[in-house]
Amino acid sequence: MLAIETESLTRTYGTNKRDQIVALKGVTLTVQEGEVRGLLGPNGAGKTTLVKLLSTVLLPTSGWARVLGHDVVRETAAVRPLIGIVFGGDKGLHYKLSGRQNLEYWAALYEVQPQAARTRIARLIERTGLGERAEHLVETYSRGMKQRLHLARGLVADARVLFLDEPTIGMDPVAAHDFRQLVRELRDEGRTILLTTHDMAEAEALCDRVALIDRGRLLAVETPAQLSQYVAKFERVDFQGGHATLIEQLRRERGVASVIPAAQGGGHRIELSDESAQRHILALLVEAGITSIRTSRPGLEEVYMHLLGDRGLRL
């Protein structure tokens, strides 16, 4: 069974055609059970709108969506017990309650049986590292602790599908690392996770596949490694040394897209546009006496810049 399935999903805000905002434009998407799917895009791309549609918070203007086989509009009551939502920031937590009381409150809303709730809450508090602060008011929690409590809240009903909306935003590196480790553990349990982010490192570290979205449209769905091929299908060549004549010769060679100064450490970078050119270029460098040569592939950051530009980019 597919965990998430959408067909031509569209959401428009506003009733006046002249002033309408189309937040989502015909998105067709499938996510397998047990997959961590990244939804990568800048602010305003439509990521949160998609999560709200899938989690039954919003109704689609057109198209349809299913979660674990249940239509999100016609079978709302069947969908909600199956999902958990983790938002970034401070939404959804009651600051004048303790961490444990927050989880008890949400368990009651999900109609979890009291005995099962007590057992599950104790296990989640331990798992998320909140044991020493479980009885403290949430207003005393750090940002990282609040995010861990968010994750525990999303699991209090034993959700099979988790929506994580910018879950590590504002976290320090240590807290973000710990949170990502928890996400990996959830994937190992077979849970399905849809992770919205505009942090490339996070998408590359956690996701089985990444969907790029911009201005409400789905641009591509690939693994992080496959997405890198949108920028450069073939390896790049970095080298140290070389005189101006060699640089100009390289720029004229077939299959060379550009020769540019390297961003760090001096030297130059050759960007190729033809797979067959690589061996010839390496031979030219060796013949010219260049001994410091390195090949590499583009990272997800470069893919993002190529497809979306610099809007909302966070390195």
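Read-outs throughout are calculated quantities, based only on the coordinates presented, and are distinct from any laboratory measurement. Worth saying up front: this structure is predicted, and the values here are computed from it rather than measured. Every residue, glycine among them, receives a Cβ derived from its backbone with ideal geometry; neighbour counts consider all protein chains shown.
In table form, for the structure just shown:
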| quantity | calculated |
| --- | --- |
| Max mean-square fluctuation residue, GNM over the chain, Cα-Cα springs under 10 Å, options Thr295, Thr197, Thr49 | Thr295 |
| Cα centroid separation, the stretch 170-221 to the stretch 1-17 (Å) | 22 |
| Structure-derived volume of the Cα convex hull per residue in Å³: which label, when the choices are (i) 131; (ii) 154; (iii) 171 | (iii) |
| Shape call, the stretch 232-297: gyration tensor on alpha carbons, a/c limit 1.5 | rounded |
| Loop-located trypsin sites (Lys or Arg not before Pro) in the stretch 1-78, at most 16 other Cβ atoms within 10 Å (DSSP) | Arg74 |
| Exposure proxy ranking, count of Cβ atoms within 10 Å, fewest first, for Ile270, Ile121, Ile260 | Ile260, Ile121, Ile270 |
| Trypsin sites (Lys or Arg not before Pro) within the stretch 92-126, DSSP loop, no more than 12 other Cβ atoms inside 10 Å | Lys96 |
| Neighbour-count order for Glu189, Glu139, fewest beta carbons within 10 angstrom listed first | Glu189, Glu139 |
| Dipole magnitude of the stretch 1-104 about its Cα centre (Cβ charges: Lys, Arg +1; Asp, Glu -1), debye to nearest 20 | 380 |
| Simple label model, 7 Å out from Cα along Cβ direction - Leu97 to Ser273, nm | 6.0 |
| Sequence-distant residues sharing a close amide H with Gly38 (under 5 Å, placed H) | Leu195, Asp208, Arg209, Val210, Ala211 |
| Computed magnitude of the charge dipole of the stretch 232-297 (debye, nearest 20; Cβ of K, R +1, Cβ of D, E -1) | 120 |
| Net charge over other residues, Cβ less than 13 angstrom from the Cβ of Arg254 (K, R count +1; D, E count -1) | 0 |
| At R0 = 41 Å, FRET efficiency that the Cβ-Cβ distance of Val286 and Arg215 yields, to 0.05 | 0.35 |
| Beta bridge orientation in the chain: antiparallel %, DSSP, nearest 5 | 60 |
| Residue-span extension gain [Asp90 to Gln32] - 0.36 nm each, minus C-alpha spacing | 17.9 nm |
| Prolate/oblate/rounded label for the stretch 140-210 (Cα gyration tensor, a/c 1.5) | oblate |
| Residue-count net charge about Ser142 - beta-carbon cut-off 15 Å; Lys, Arg +1, Asp, Glu -1 | -1 |
| The stretch 110-129 and the stretch 38-96: distance between their alpha carbon centers, rounded to Å | 23 |
| Amide hydrogen neighbours beyond the local backbone of Ala257, cut-off 5 Å, H modeled | Glu271, Leu272, Ser273 |
| Those aspartates and glutamates that a straight Cα-Cα span of less than 18 Å connects to Lys96, excepting residues fewer than 8 apart in one chain | Glu104, Glu132, Glu135, Glu139 |
| Given charges at beta-carbon only (K, R positive; D, E negative), |dipole| of the chain in Debye | 700 |
